[in-house]
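Here is the structure we will look at.
The values are calculated or read from the model by the stated rules, or taken from the named source; none is laboratory data. What you see is a predicted model, and the numbers here were worked out from it, not measured in a lab. With ideal geometry, Cβ positions are generated from the backbone for all residues, glycine too; neighbour counts draw on all protein chains shown.
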Amino acid sequence: MTNWRRRALLILMDIVGLNAAVVLGLAIRFEGAIPAQYLVHLARVAVPYTFAALIVFHLLGQYQTLFRYASVDEVWRVVEGVTTTTLIFIVMIYLTGTGFPRSVFILNWVLGVVMLGGVRLWERLSRSLLPASLRRLLLPHTARLQIAAADTPMRNVLIVGAGDAGAMVVRELLRHPEMGRHPVGFLDDDPRKRHLTIRGVPVRGARRDLRRVITEVSVQEVLLAIPSAPVSVVREVVQECRALNLHTLILPGVYELIDQKVTVNHIREVQIEDLIGRQPVRLDMAEIAQYLRGQRVLVTGAGGSIGSELCRQVARFEPAELILLGHGENSIFETALDLQHRYPDLHHHVVVGDIRDRRKVDRVFDEYKPTVVFHAAAHKHVPLMEDQPDEAVKTNIFGTQNVAEAAKRHGAHRFVMISTDKAVNPTSVMGATKRVAEMIVQSLNASGPGPDGAGSTKFCAVRFGNVLGSRGSVVPVFKQQIARGGPVTVTDPEMQRYFMTIPEAVQLVIQAGAMGQGGEVFVLDMGEPIRIVDLARNLIQLSGFEPDVDIPIVFTGVRPGEKLFEEILTAEEGTDATRHQRIYVARTHVVPLKELERTLDELEHVVFAGLPGSIMKSLRQIIPRYGQTARALDSGETSGLETAERQKPPAYIHPVEEAAEMAPALPAR
């Protein structure tokens, strides 16, 4: 049956039901002998009453709902509609000059809810209450859908997690038999749920009973439906399913389900991000909304992995305007297109421009007057920047300076810079330039407002490690190598990195921006470092291959500028806790703005003069840690470094006692 025919049938049923409810109400009230005057008055109002009722139901969206998906929500809308139409009926009756007994109105309301609600639940209830032969006779279009679903090969699914998410998964699978998945049971460690049924699906045991259950019930797939599950649970389930040759599916983590309900579209294959995740991010939504809602928000690097996710998440908090600034026209176009699809009411602007162009940056601030700035634009590839230090300096240092100074000059309220763990004790040009960018942000914040009171921008930086799945990161490279049949290349067996997923990193960045009072370098809790070779092995196994059997792993040696272990803090910095359990503040030294500007003037001169040797020298003068490490690398004296690098990295951040601060050495003046 086509949609318009189904809608016409529903309207016809509503017309009959609304008027039948009134007549039956009168018949019940007067025990079948309805006085003639009531029928006369009813005839006078029947047409306008019916017309008004249909308008009410149309406005409530009653004729846009498919019968087969009718639920309690639709019934509640029927109650709203019948209540409104009953009030309209009462007004019309009294306008005729004759009153009906009050009991008639009550009976009319009850019968209207029963009749109109029954029509909407009929198709759904018929599936479980009517015999198949009668169902085919009364609902031929439903029968065709079920025949089509029957033609789809069904796979029995065992669901791990009998909580809210698991119940929603069962509901979705039962709603969509065309997916070919039939829920046959739950596993849950809560003993109170044993032997219960959820939407007709029994809880068959705990997670430890997986082997027993699959011998009792034919199971082809296991679906992990615990969005808040710690990574240890995910790993355990995936490894056991792999050993039992069972296909594993998963619901994404809670950081991917913010403000969303579980649907069939969320059910997906297990990804590498699921095996290295941490505890879910808990956001203070009210605090974030307070500083983003109704604001003009600028995101630089909006076409990049972090920048585009920032745009998507900021858009959820209803900014007045969102300005996307990016250098690559294709990537920023894709971000804008995605935003237009997800948030059609969002008022956004796309600006193609380079943050190294000071005049263009100033024009952007002058035209759009952003009040909140997220600065994500940067060069990030360590080996490439080692070969081209001038490009790293121009973008990461002077590009940041352009955007930060424009924010201060034009009175932006907040400026949040995306930094990196490579800025700590930097051994690479990329890390050194990001550390200088942090210093610029802190110095501008410490300089205070100008003499006219303008420029009271709150500056902060947020420092975190590698982001899984970002462009050019290790995971996409490994996937390409696996797709080619290998080998997968890893620089060193002991190479370790801190990892985050893009959504959780961005959520913490936005939360840090809400907490910033000015001058902080926030440090995100990255969990435990992960060996890159273990990451490669997990990814090979997720792709259906055996490491070193189907796909070889080859070690290629550490590249220039790389460390075996990344750090989040120097030994001299230490951290202070914040009110968020996964965000800390590094105690860094702030260089006076005038001193820093003199140094940057020298650096700018040698960069644009094309003197790479002088660039390195200038960076070493600004950041002594980089200078010490770089000189050791240049002279080949790396034995001590290698020994230190191969030592186990210190335990991750905890609030510590006050530590001595080391000021960066600046050129004598």
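Report, by residue number, each residue of the stretch 303-351 that is part of a helix (DSSP H, G or I), farther than 14 Å from His375 by Cα and touching a Leu at 6+ places or on another chain (Cβ under 8 Å).
Arg312, Ala315, Ile332, Thr335, Ala336, Leu339, Gln340
Can you run down the residue pairs with Cβ atoms below 8 Å, 6 or more apart or on separate chains, where the first is in the stretch 164-180 and at positive phi and the partner is buried (at least 19 other Cβ atoms within 10 Å of the Cβ) and in a helix (DSSP H, G or I)?
As it stands, the answer is none, since no pair meets every condition given.
Test Pro503 against the stated conditions and say whether it is under 22 Å from Val372 (Cβ atoms) and either in contact with a Phe, Trp or Tyr (Cβ under 9 Å, 6 or more places away or on another chain) or at pLDDT below 75 (or both). Let's see the steps before the verdict.
On the way: under 22 Å from Val372 (Cβ atoms): yes; either in contact with a Phe, Trp or Tyr (Cβ under 9 Å, 6 or more places away or on another chain) or at pLDDT below 75 (or both): yes.
Yes; evaluated as a whole, the condition is true for this residue.
Please verify whether Asp390 is among the acidic types (Asp, Glu), in the same structural domain as Pro449 (by TED's automatic domain parsing) and in a loop (DSSP other than H, G, I, E, B), treating the condition exactly as stated.
So Asp390 does not fit the description; no.
Scan the stretch 305-330 residue by residue and report those that are of a type in the set (Asp, Glu) and under 13 Å from the mean Cα position of the chain (by Cα).
Glu309, the sole residue that qualifies.
Go through the stretch 450-494 and give me each residue that's at pLDDT 80 or above, surrounded by 18 or more Cβ atoms within 10 Å (Cβ to Cβ), in contact with a Phe, Trp or Tyr (Cβ under 8 Å, 6 or more places away or on another chain) and not in a strand (DSSP E or B).
Of everything in the stretch 450-494, those that are at pLDDT 80 or above, surrounded by 18 or more Cβ atoms within 10 Å (Cβ to Cβ), in contact with a Phe, Trp or Tyr (Cβ under 8 Å, 6 or more places away or on another chain) and not in a strand (DSSP E or B) turn out to be Thr457, Ile482, Asp492.
Please report, ordered by residue number, the helices (runs of 4 or more DSSP H) entirely within the stretch 152-251 with at least 3 residues that are in contact with a helix residue (DSSP H, G or I) (Cβ under 9 Å, 6 or more places away or on another chain) and not polar (S, T, N, Q).
In the stretch 152-251, the matching helices (runs of 4 or more DSSP H) lie at 164-175, 231-243.
In the set Lys408, Lys380, which member is basic (Lys, Arg), surrounded by 24 or more Cβ atoms within 10 Å (Cβ to Cβ), in contact with a strand residue (DSSP E or B) (Cβ under 9 Å, 6 or more places away or on another chain) and touching a residue at least 12 places away in the same chain (Cβ under 8 Å)? Steps first, please.
Details: Lys408 fails: surrounded by 24 or more Cβ atoms within 10 Å (Cβ to Cβ).
Lys380 is the lone residue from the list that is basic (Lys, Arg), surrounded by 24 or more Cβ atoms within 10 Å (Cβ to Cβ), in contact with a strand residue (DSSP E or B) (Cβ under 9 Å, 6 or more places away or on another chain) and touching a residue at least 12 places away in the same chain (Cβ under 8 Å).
I need a count of the residues in the stretch 411-434 that are part of a loop (DSSP other than H, G, I, E, B) and out of contact with any helix residue (DSSP H, G or I) (no Cβ under 6 Å at 6 or more places or on another chain).
Final tally of qualifying residues: 4.
Can you spot a residue in the stretch 37-46 that is small (Gly, Ala, Ser), at pLDDT 75 or above and either farther than 30 Å from Arg171 by Cα or crowded, with 17+ Cβ neighbours inside 10 Å (or both)?
Scanning the stretch 37-46 turns up at least one residue that is small (Gly, Ala, Ser), at pLDDT 75 or above and either farther than 30 Å from Arg171 by Cα or crowded, with 17+ Cβ neighbours inside 10 Å (or both).
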